[in-house]
Amino acid sequence: MRTRQAVGKAIEDAGIGKRRRMSSIARKEALAGYLAISPWLLGFLIFQLVPILAAFYVSLTEWRILTTPEFIGLRNYDKLLFEDDLFWQSIKVTVVYVIFRVPFSAMLSLALAMLMNQQLAGRRLFRTIYYLPAVIPLVAVSMMWIWIFNPDYGVLNSGLRLFGIDGPQWIFSSRWALPALIIMSLWQVGAGMVIFLAGLQGIPTHLYEAALIDGATAWQKFLRITLPMLSPVILFALVMNVIGSFQVFTQAYIMTRGGPGNATLFLVLYIYRNAFEWFHMGYASALAWLLFLVVLVISLALLRSSGRWVHYEGRIGGV
């Protein structure tokens, strides 16, 4: 009996010692990890978190840069929600842009990725060509598209005239300016194409081979294999697309200045005007914080919904 107790105690002591050693190793690994990311962590705290919190304080003040900030509480938020028609116009323009740009961009990126994933001659060259617009500076791109959209001698209307179509005024028309910017954004789908291409190349080929043996058509393989296996990449692309679409600024600033008739007054452009043209820093900070909250809510909604449509390999029953 005593021998059993002694053996049991020895085993228990060995288990406690092992757990302590594991705990010590885990602490050392955690410390090494924090030391490794400390440059980024310090950069985030100093250059991002502190300015974000400072911007929130500024949003509670009336500050015109050259004057001392005056604390006014939530008056800026009350103004933008209930008094400022330009704010609601900027929200409308931005939301319409997001609604049309995000799905069309995702579908075009996926279509190009599937095409570039085929065994085609010169596909490396075509991948480079499709990706190039994504790395060209937006200012240069905007200047080029001003010429393309010119109603008199632009490439687009000149091409339409060959078919007997009288093209619209594009960025010079309050009706067509926003659709023109949406069309322009679809030209830069190369970055999304690369992301989807990486996801496609990560799908196991044996799934397609098994489907082929079962007699599945190309459309069935796309619906039953490609989309489910690609769903984590689609989620990532959607979230990044939504965030990027809400932050449109350069195109509207260079090409239309928010016009004509505020037809392309995006929210970020309106923030810029308040901050650096009208010097309403407090109001601009309130607008920026509202933009942050809108993007946060939409991103969280997408992530929350992912449990119902995103498939992760190895997960069974959502676990």
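In this structure, the amide hydrogen of Thr61, modeled 1.01 Å from its nitrogen in the peptide plane, lies closer than 5 angstrom to those of Ile72, counting only residues at least 5 positions away or on a different chain.
Going from the residue with the fewest nearby Cβ atoms within 10 Å to the one with the most, Ile195, Ile136 rank Ile136, Ile195. Counted by Cβ distance under 12 Å from Leu115, the other residues give a net charge of +2, where Lys and Arg count +1 and Asp and Glu count -1.
If R0 is taken as 35 Å, the Cβ-Cβ distance between Tyr208 and Ile136 corresponds to a FRET efficiency of 0.50.
Any idea what angle helix 177-186 forms with the longest principal axis of the chain, computed on alpha-carbon atoms, 0 to 90 degrees, nearest 10? Helix 177-186 and the main axis of the chain meet at about 40 degrees. Available extension along the chain between Lys28 and Leu115 is 26.6 nm, counting 0.36 nm per residue and deducting the alpha carbon span. Peptides 45-53, 281-289, 104-112 ranked from most to least packed give 281-289, 104-112, 45-53, packing being the mean of other C-beta atoms within 10 angstrom over each peptide's residues. With R₀ fixed at 41 Å, the C-beta to C-beta distance from Leu227 to Ser174 puts the FRET efficiency at about 0.60.
Averaging 1/r over each pair of different alpha-carbon atoms in the chain and inverting the result gives 24.3 Å, the Kirkwood hydrodynamic radius. Once the C-beta distance of Val297 and Glu277 is scaled by a Förster radius of 25 Å, the resulting FRET efficiency is 0.30 to the nearest 0.05. With a simple spin-label model that places each label point 7 Å from the Cα along the Cα-to-Cβ direction, the separation between Arg124 and Leu42 comes to 4.2 nm. With the charge dipole of the range 79-309 set up from +1 on Lys and Arg Cβ and -1 on Asp and Glu Cβ about the Cα centre, the Cα lying farthest toward the positive end among the listed residues Met143, Gly258, Ile203 is that of Ile203. In this structure, the amide hydrogen of Asn150, modeled 1.01 Å from its nitrogen in the peptide plane, lies closer than 5 angstrom to those of Val155, counting only residues at least 5 positions away or on a different chain.
No value in this document is a laboratory result; all are computed from the given coordinates. Given the structure is predicted, the values throughout are model-derived calculations rather than measurements. Cβ atoms come from the backbone with ideal geometry, glycine included; neighbour counts cover every protein chain shown.
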